[in-house]
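S.K.: Can you read through this structure? Questions will come right after.
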Amino acid sequence: LQISKDDVTALQCKVVCLIQNGNFREALSVINTHTKVLTSDVIAFEKAYCEYRLNRIENALKTIQSASQQTDKLKELYGQVLYRLERYDDCLAAYRDLIRNSQDEYEEERKTNLSAVVAAQSTWEKVMPEDLGLREATYELCYNSACALIGQGKLNEAMKKLQKAEAFFLFALTFLQDVTEEDVEAELAIIHGQMAYIMQLQGRTEDALQLYNQIIKLKPTDVGLLAVIANNIITINKDQNVFDSKKKVKLTNAEGVEHKLSKKQLQAIEFNKALLAMYTNQADQCRKLSASLQSQSPEHLLPVLIQAAQLCREKQHAKAVGLLQEFADQHPANAAEIKLTMAQLKIAQGSVTKACMILRSIEELQHKPGMVSALVTMYSHEEDIDSAIEVFTQAIQWYQQFQARTNYGCCVFQPKSPVHLSLIREAANFKLKHGRKKEAISDLEELWKQNPKDVHTLAQLISAYSLVDPEKAKVLSKHLPSSDTMSLKVDVDALENSHGATYVRKKAGKLTGDNQQKEQGQGDVKKKKKKKKGKLPKNYDPKVTPDPERWLPMRERSYYRGRKKGKKKDQVGKGTQGSTTAGSSELDASRTASSPPTSPRPGSAAAVSATSNVIPPRHQKPAGAPATKKKQQQKKKKGAKGGW
């Protein structure tokens, strides 16, 4: 190149050397600086490959499409680029064309890539994969087949495929010599990660969590694998073990993660970050993340629901409902789910009637049995029977109109659907329960027309007519089957001895000689029980008439004058320390003649000496005080076992 700067072969060799050394950025700069010499026909593959490795996927696609000749190398790279762009249908077609039109030692790798595309379609686009006839001869093909089964929800079959893939890999190791222990652990970590994911989907969260943590301890170099496992652990923790979840979030922020995962995987990780911020009371961070997600996917429900949940945590329910209403107006396709959430918020606030109005505004769910049941229950709770009956009527009319549409307007008798008949029956039962006999009769007649052999409906109809039109009830009663046809073979003994029987007949025992004589007699005479004499009080005097008010409580008797205040209580000082009471003069020892002498004041006569046997007031015990008070407390303490 020093001799000839524009030598095409030399420049091309330099670019290839840089690619082999992993210097993709430098190789691309060489290509871009020599565009006149290195045209797209000469070096299209090398340029597209550098752009692909630098994660400039859109540029790589343009470079491949601008090439004048599509070589096999470019087709291989084209398939990889389409896979990274998640254009799985085009990618599938590209690999099918490659497998059909090429025969070399890379056929197994192409089949592996083809199975990976099928697995991605099944997982992310929920497309039922077609049988491509790929023989699962390698662990990679088994692994991709397991991923496709996971997308279809066939978890048990997927687990068996993963176990088969692990066995294939361990068997293949026996023929490989240059494989390090790190390589083995890295490959097995991917398989074990999918196994743990299946366990999590099956509800075996403890087993899944244990396997996830084992993989993290190995410290694999695949940042995409670590990010997925960390995200799954966060979903298991939910609002518990938040400290561990905060540590795991750091693994999802590693450099290069965005190039290893699909858009839906990255989106799920961001959703969980926002939810974790909400659970850790990081309101600003939660709002920031959810707003970013909403800007990326304006029609997605989760960002709006997260924002509404955060507002509810901040007790701003009205603002949350307004936010949801605004989203429902802007995106009518997702309005049903949003309105269900709004109704739930209204119920939480106690506004049941407003919640009913929101639910009735969801036109596509008005006729559903679950919606009808919910609305009737809520209106019944609010004692709005008219609105509940109106809900039944609208649902029944919808099914009638639907049946008319399916019959293309032909006036031909068609049996009603089971759901339609069920709604009519529930409406009739509801009206009967709330005393709307006349309205219930029309529903019952409709049911009886559909099935004249239904005795239960006929009985209900007769019962309703008996309260409104007895003559009509008599006429209808003639349609009831006779008692002979209705006789059922019932084992009375088995019925009485069954669980829950309110009456159980006693089994007849063997009769003794005396009992037989009694049975043969005219009949048993029931023995009358003698009444026991009541016990009289010990101080009962028959000469004295008893107190007529003795059955009344003492406070309600006419001669009750209240309790007498005892002298002992008056002697006890009350109030704060140092305060005097009305009886303080009596407790003053200096004023009693028998009190001991106090020190004389200056200029006063000496006090008269007193006997030394007098006890000072502070050491006196109240008369009649229970001496056994401490003993009683000790007994209580002994009886009260058990510690704090």
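S.K.: Can you compute the FRET efficiency between residue 106 and residue 491 using 1/(1 + (r/R0)^6), with r the Cβ-Cβ distance and R0 = 56 Å? Round to the nearest 0.05. Please report the intermediate quantities before stating the final value.
M.R.: On the way: r = 78 Å, r/R0 = 1.39.
Efficiency computed from Cβ-Cβ geometry: 0.10.
S.K.: Taking 0.36 nm per intervening residue step and subtracting the Cα-Cα distance, what contour gain separates residue 466 from residue 3 on full extension? Show your work: numbers first, answer last.
M.R.: On the way: separation 463, 0.36 × 463 = 166.68 nm, distance 11.61 nm.
The span from residue 466 to residue 3 would gain 155.1 nm if fully extended.
S.K.: Cα-Cα over 26 Å: which of 164/273; 433/472; 346/368?
M.R.: 164/273
S.K.: What is the spin-label model distance, in nm, from residue 180 to residue 394 if the labels are put 7 Å beyond Cα along the C-beta direction?
M.R.: Taking the two extended label points, one gets 6.9 nm.
S.K.: Could you bin all the Cα-Cα distances of the stretch 284-329 into 5 Å bins starting at 0 and give me the percent of pairs in each, rounded to whole numbers?
M.R.: 5, 25, 32, 27, 10, 1
S.K.: Shifting gears a bit: Can you compute 3J(HN,Hα) from phi for each residue in the stretch 222-235, using the Karplus curve 6.51 cos²θ - 1.76 cosθ + 1.60 with θ = phi - 60°, rounded to whole Hz and x for Gly and Pro?
M.R.: Rounded to whole hertz, the list is 6, 5, x, 4, 4, 5, 5, 5, 4, 4, 5, 5, 4, 5.
S.K.: Provide the gained length on full extension for the span residue 559 to residue 544, in nm with one decimal, where the gain is 0.36 nm per separating residue minus the Cα-Cα distance. Mind showing how you got there, number by number?
M.R.: Details: separation 15, 0.36 × 15 = 5.40 nm, distance 1.80 nm.
Fully extending the segment from residue 559 to residue 544 adds 3.6 nm.
S.K.: Continuing with the same structure: Please go through the stretch 13-113 and write out the trypsin sites (Lys or Arg not before Pro) that DSSP classes as loop and that have at most 16 other C-beta atoms within 10 Å. Please report the intermediate quantities before stating the final value.
M.R.: On the way: sites: 14, 25, 36, 47, 53, 56, 62, 73, 75, 84, 87, 96, 100, 110, 111; in loops: 36, 56, 87.
Passing sites in the stretch 13-113 are 36, 56, 87.
S.K.: Based on the Cβ-Cβ distance of residue 295 and residue 473, what FRET efficiency does E = 1/(1 + (r/R0)^6) give at R0 = 45 Å, to the nearest 0.05? Present the calculation step by step, with values, prior to reporting the outcome.
M.R.: Working: r = 68 Å, r/R0 = 1.52.
So, using R0 = 45 Å, E works out to roughly 0.10.
S.K.: Tell me, what is the FRET efficiency for residue 21 and residue 125 to the nearest 0.05, using R0 = 45 angstrom and their Cβ-Cβ distance as r? Kindly include the intermediate steps, with their values, before the conclusion.
M.R.: Details: r = 38 Å, r/R0 = 0.85.
The pair residue 21/residue 125 has a calculated efficiency of 0.75.
S.K.: Right, something else. If you wrap the stretch 199-324's Cα atoms in a convex hull and average its projection over all directions, what's the area in nm²?
M.R.: On the way: hull surface 33.4 nm².
For the Cα atoms of the stretch 199-324, the hull's average projected area reads 8.3 nm².
S.K.: Using a basic spin-label model with each label point 7 Å from the Cα along Cα→Cβ, how many nm lie between residue 87 and residue 264?
M.R.: For residue 87 paired with residue 264, the spin-label model returns 2.0 nm.
S.K.: Residue by residue through the stretch 436-446, which ³J(HN,Hα) values in whole Hz follow from phi under the Karplus form 6.51 cos²θ - 1.76 cosθ + 1.60 (θ = phi - 60°), with glycine and proline marked x?
M.R.: Coupling constants for the stretch 436-446: 9, 5, 4, 5, 5, 4, 5, 5, 5, 5, 4 Hz.
S.K.: If eta is 1.306 mPa s and T is 10 °C, what Stokes-Einstein diffusion coefficient results for the stretch 8-123, Kirkwood Rh from Cα pairs, in µm²/s?
M.R.: On the way: Rh = 14.9 Å.
It comes out at roughly 107 µm²/s.
S.K.: On the accessible surface of the stretch 8-123, probed at 1.4 Å, how many percent belong to carbon and sulfur atoms? Before the final figure, lay out each step's value.
M.R.: Working: 2790 of 6130 Å².
Whole-percent figure for carbon plus sulfur exposure: 46.
S.K.: Here's a follow-up. Hey, what's the stretch 8-123 come to in accessible area per residue, 1.4 Å probe, Å²? Show your work: numbers first, answer last.
M.R.: Working: 6130 Å² over 116 residues.
For the stretch 8-123, the solvent-accessible area averages 53 Å² per residue.
S.K.: Ok, one more. Report, in listed order, any pair from 161/248; 154/247; 154/264; 14/250; 431/478 with a Cα-Cα distance greater than 31 Å. Please report the intermediate quantities before stating the final value.
M.R.: Values: 161/248 29 Å; 154/247 33 Å; 154/264 21 Å; 14/250 40 Å; 431/478 25 Å.
Long pairs (Cα-Cα over 31 Å): 154/247; 14/250.
The values are calculated or read from the model by the stated rules, or taken from the named source; none is laboratory data. Computed from a predicted structure; not experimentally measured. For neighbour counting, all protein chains shown are included, and Cβ atoms are generated from backbone atoms with ideal geometry for every residue, glycine included. For accessibility, only protein heavy atoms count, side chains too; no ligands or nucleic acids. Shrake-Rupley method; radii C 1.70, N 1.55, O 1.52, S 1.80 Å.
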